[in-house]
Amino acid sequence: MNINYRPEIDGLRAIAVISVIFYHANVVIFDEKLFKGGFIGVDIFFVISGYLITSLILKELNTTQSFSFMNFYQRRVRRILPPLFFVMLLCFPVAWVHLDPGNFIDFSKSILYSIGFSSNFYFWDMGQQYAAANSLLKPFLHTWSLSIEEQYYIIFPIFLFIIFRYLRNYLLLFLIVSFIFSLLLADWGSKNYPSATFYFLHSRAWELIAGSFLAFSEIYQHYKKNNLIIQNSLSFIGFFIILFSIIFGKTHFPHPSFYTLAPVLGVCLVILFSNKNTFKLKYFQQNFLLVQVLFHILFIFGIIQFLHLLE
C-alpha cells in the first residue's frame, strides 16, 4: 500500500528539523535565545509518523481485509537501518578522535542500543537531560525518538489489526481511549517523573495516535474539504500555532503534557486541511528549492557547532 505524496508533510518535516537544529545551536540575539521551543520538532515528527503508519495499515486492511506484518516490518527496516548505519559510520571516526575514553564508551553503548531501538531506555538510565549542556557530547541522543517510533511500530499494528478484525465498530473508541489515557499519563508523569515521561513510549503514544485520528478521518471520510476559505484559515491557524510554539515555547513547562497539545493540534490542522489548492501549500511548492537550501545550510551549521564544541 502506498500513500499519495503530501508536500505539506515534507514542509512540516523541514520545520521540525530546522527548529531542532536552531534549538541546539543556542542562537542568542540581544540576550534572548531564538527558537526556545525548538524541541517541539520531535513532537511534530511523532504526529506525522502516527498519521503515515496508520494510513498504511488501515488502507491495507480495508483493501485486502488482511495485513502483512512481514512486509510492514521489512519496509521499516529498509527505510530506517541504512541511513542509521551510514550516520554511525560517519560519526565513529570523529568520536574516536575527539571524545575522551569515558564519553567514547558512552557513545559506543548508545550505538548498540540504537541498533536495538532501545536508546531511549539507555539515555533515561544514564539520567541524561535532553537540554543539558553535555547533551552535545552525545551524538546519538537524538535516536531516543527513533526508538520510541520503532517501539510504537512494533506494538501498534498488532493492536490495530486485532481491533479491526474482531471489534471494527470500536476502532475509533479504541483510539480515543488510548489517546486520553496516554495524555493523562504524560501530564501526570511530566510533573512527577519528568525523565521517564520524556523518554518513554507510554507518555508519547498520544502524539502518534493524534496522527492516527487524521488517517482514520481521511480513510473513512469523516470530513469534507469543500470550502477553500475554511481550508486556508484552519491550515494557516495550525501553521501559526506551530511557529508560535517553536519560537516562544518554554523549556520549564512540563513536557510532554497538556501544554504540548497546542503544537500537536497545529500539526493536525495543517495535515488535515492543507491540499494543492491552499495558499500555504502552493507557496511551499513554489519555494521548495529554497527550503532545501536552507535546510542543508542549517545542517552544516549544526555539524560545525558540534565540532567546535569538541575542540
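What follows draws every value from the coordinates through simple rules; no lab data is involved. From a predicted model like this one, the values you see are computed outputs, not experimental measurements. Positions of Cβ are backbone-derived with ideal geometry, glycine not excepted, and every protein chain shown enters the neighbour counts.
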Between the range 30-65 and the range 190-224, the Cα center-to-center distance that results, in Å: 9 Å
Show me the ranking of peptides 242-249, 166-173, 44-51 by mean Cβ neighbours inside 10 Å, starting with the highest. 44-51, 242-249, 166-173
In straight Cα distance, which aspartates and glutamates are under 14 Å from Lys59, not counting same-chain residues fewer than 8 positions off? Glu218
Please list the non-local residues whose amide H lies under 5 Å from the amide H of Lys33, H modeled 1.01 Å from N, same-chain partners needing a gap of 5 or more. none
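With the Cα gyration tensor of the range 143-276 giving a ≥ b ≥ c as the square roots of its eigenvalues, does the rule (a/c under 1.5 for rounded; else a/b larger than b/c for prolate; else oblate) give rounded, prolate or oblate?
Working: a/c = 2.15, a/b = 1.07, b/c = 2.01.
Oblate.
Quote the FRET efficiency, to the nearest 0.05, computed for Ile158 versus Leu112 with a Förster distance R0 of 25 Å and r equal to the Cβ-Cβ distance. Write down the numbers at each step before the final one.
Numbers: r = 26 Å, r/R0 = 1.03.
My answer for the efficiency is 0.45.
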Using a ≥ b ≥ c from the Cα gyration tensor of the range 4-154 (square roots of the eigenvalues), is it rounded, prolate or oblate, where a/c under 1.5 gives rounded and otherwise the larger of a/b and b/c decides, a/b for prolate? oblate
Where does the range 82-192 land on Rg(C-alpha)/(2.2 N^0.38 Å)? 1.38
